[in-house]
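Here is the structure we will look at, set down as structure tokens.
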Amino acid sequence: MRISYRAHGGALDYWQRRWDGVEVDSGAINLDRYPGLYAERAIKASRPDGPVLEAGCGAGRVLRHYHEGGVEIIGLDFIASVLAAIHREDASIPLAAGDITKLTFPDEIFSAVLAFGLYHGLEHGLQEAMAETRRVMKQGALLCASMRLDNFQNHMTDRMAEKS
């Protein structure tokens, strides 16, 4: 992802163009494959006794599915226009614009955090993002996150690029 970001002017520019070019998702997800399978397992295992955070909710597919199913869920993304598009479709969905490395939520508020395709795409601040994620999770909360296998390769490519 970092190579893609560099080719497109950075992560913010890349995701702004990406989300501005798609429709808001309907909330229909396949619970037999990624990301639905893992989201469903996390939601069932966490038995949420408070809100769930979908960090990096994008166009809202997972977010809308669980919101429509009665789960108290908040969508977070750093692209305000995609959140505005979700709100135009359903203004009842709680949304927050923000940076995963500087969350504005109180400590220990979430029963679970879903983060599909978020952490591995960060250009900077992975440790800060993980610390902030942990800070907002209740004791015993579950984190369900995906990481690309090429994440290590991305870090090595970045290090080599910095040295040249």
Volume per residue (Å³) of the convex hull spanned by the alpha carbons of the range 33-164 is 113
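Sort 138-144, 56-62 by the packing proxy (mean of other Cβ within 10 Å over each peptide's residues), most packed first. Spell out each step's value before the answer.
Working: 138-144: 15.9, 56-62: 23.9.
Sorting 138-144, 56-62 by mean packing, highest first, produces 56-62, 138-144.
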Excluding residues fewer than 8 positions from LYS102 in its own chain, the aspartates and glutamates with Cα under 20 Å of it are ASP13, GLU54, ASP77, GLU123, GLU128, GLU132
Computed ³J(HN,Hα) along the range 78-93: with the Karplus parameters 6.51/-1.76/1.60, θ = phi - 60°, integer Hz and x for glycine or proline, the list is 9, 9, 4, 5, 6, 5, 4, 5, 4, 5, 5, 6, 7, 6, 7, 7
So the FRET efficiency between LYS163 and HIS124, C-beta based with R0 = 22 Å and rounded to 0.05, is 0.85
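Read-outs throughout are calculated quantities, based only on the coordinates presented, and are distinct from any laboratory measurement. As the structure is a prediction and not an experimental result, all values here were calculated from the model. Here Cβ is always computed from backbone atoms with ideal geometry, including for glycine, and neighbour counts include all displayed protein chains.
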